[in-house]
1. Explain nothing, just compute: Karplus ³J(HN,Hα) = 6.51 cos²θ - 1.76 cosθ + 1.60, θ = phi - 60°, for every residue of the stretch 28-44 in order, whole Hz, x for Gly and Pro.
2. I want the local charge near residue 57. Using Cβ-Cβ distances under 11 Å, sum +1 for each Lys or Arg and -1 for each Asp or Glu among the other residues.
3. In terms of modelled amide H atoms, which long-range or inter-chain residues lie less than 5 Å from the amide H of residue 50?
4. Can you sort 105, 74, 50 so the residue with the fewest Cβ neighbours within 10 Å comes first?
5. Starting from 0.36 nm per residue, how many nanometres of slack lie between residue 100 and residue 63 once their C-alpha separation is accounted for?
Amino acid sequence: MSDLARVETSRVDATQVVRVTGELDLSNAHAVVGAVGHGVPEHVTLVVLDLAGTTYLDSAAIASLFRLAQRLRDRRQELRLVVPREAPTRAVVELTRLSQVVTVDESAADLPQASRAYAALPSLEAVVSQRRGEAAGEDPRQDGGPVPGDG
């Protein structure tokens, strides 16, 4: 997805936890945040975006996070951010008033513990390609077996 940012995700019941480490800026924010938005299943009610390991957010990243919050709200899904007070990105979250639109927690300690191993989110291109295939009536499973993550 990007050399600047690493994205890991896990799911517990109806909560999707997405950890972003590195930098989110003009070069990757749209793709990273877009993949998060498109990679969340409909049955998930809470998306926790853990930015504790994120070292840089620029205006493109903030704009993408505002759009993600709106997209999830439209789907009746809640977005929460994890940004510790001492994190270099906390001031950006506060100054842009993103914290007035999205709940910001200081740590992930109170969040559900993931019972599944971390996996990289699919690329935005892979998600769009899969959705186009489903819209055309194609079976997204190449071998006809169960889709990983179903059930």
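Each reported figure results from applying straightforward, stated rules to the coordinates on display, with no laboratory input. Given the structure is predicted, the values throughout are model-derived calculations rather than measurements. Using ideal geometry, Cβ is built from the backbone for each residue, glycine included, and neighbour counts are taken over all protein chains shown.
1. Karplus values, whole Hz, x for Gly and Pro: 9, 4, 4, 5, 5, 5, x, 5, 4, x, 7, x, 8, x, 4, 6, 6.
2. Within the 11 Å Cβ shell, the charges total -2.
3. 18, 19, 20, 82
4. On the way: 105 16, 74 8, 50 22.
Exposure proxy ranking, most exposed first: 74, 105, 50.
5. 11.9 nm
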